[in-house]
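The structure appears right after this line, and notes come after that.
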Amino acid sequence: MKKILAVDDSSIIRKVIQGLVDTIGYEFLEAANGQEALDLLEDDYQDIVLILLDCNMPIKDGLETLDELKNDPRFHDIPVIMVTSE
């Protein structure tokens, strides 16, 4: 099944995104920061068709995470949409 990964430190934002993802029939994955997302991707990246990535997060922010995603040949073709509440 195709999956969408939401990476945001706000659990409320992740729940909102989950509702939308469920509506379109994709599996929802979530992470609270960039490091959690990268750890999750190590085990489960083949079916991820989109990453929604918050800019401002603790531990590893969105730009640091994006840089690592795009420099890793396993992940660099996964589309990423950067999101922010600012």
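The values are calculated or read from the model by the stated rules, or taken from the named source; none is laboratory data. Because the structure is a prediction, the values reported are computed rather than measured. In this analysis, Cβ positions are derived from the backbone assuming ideal geometry, glycine residues included, and neighbour counts consider all displayed protein chains. The area values use the complete protein model at the heavy-atom level, side chains included, leaving out ligands, DNA and RNA. Shrake-Rupley method; radii C 1.70, N 1.55, O 1.52, S 1.80 Å.
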*Return the sequence-ordered ³J(HN,Hα) values of segment 79-86 in whole Hz as given by the Karplus equation 6.51 cos²θ - 1.76 cosθ + 1.60 applied to θ = phi - 60°, using x for Gly and Pro.*
x, 10, 10, 7, 10, 7, 8, 7
*Return the carbon/sulfur percentage of the accessible area of segment 1-85, one whole number, probe 1.4 Å, all protein chains in place.*
54
*How many Å³ per residue does the convex hull of the Cα positions in the chain occupy?*
79
*asked:* How high is the relative contact order of segment 1-53? Use alpha-carbon pairs under 8 Å, at least six apart in sequence, and give a whole percent.
replied: 54
*For peptides 44-50, 27-33, 56-62, sequence by mean Cβ density within 10 Å, most packed first*: 27-33, 56-62, 44-50
*Net charge near ASP8: determine it from the other residues with C-beta under 14 Å of the C-beta of ASP8, scoring Lys and Arg +1 and Asp and Glu -1.*
-3
*What does the charge add up to near ILE81, with Lys and Arg as +1, Asp and Glu as -1, over the other residues with Cβ less than 13 Å from its Cβ?*
-2
*Surrounding net charge for LEU52, when Lys and Arg each add one and Asp and Glu each subtract one, Cβ distance under 15 Å*: -4
*For the chain, report the accessible area per residue in Å² (1.4 Å probe, heavy atoms, rounded to an integer).*
58
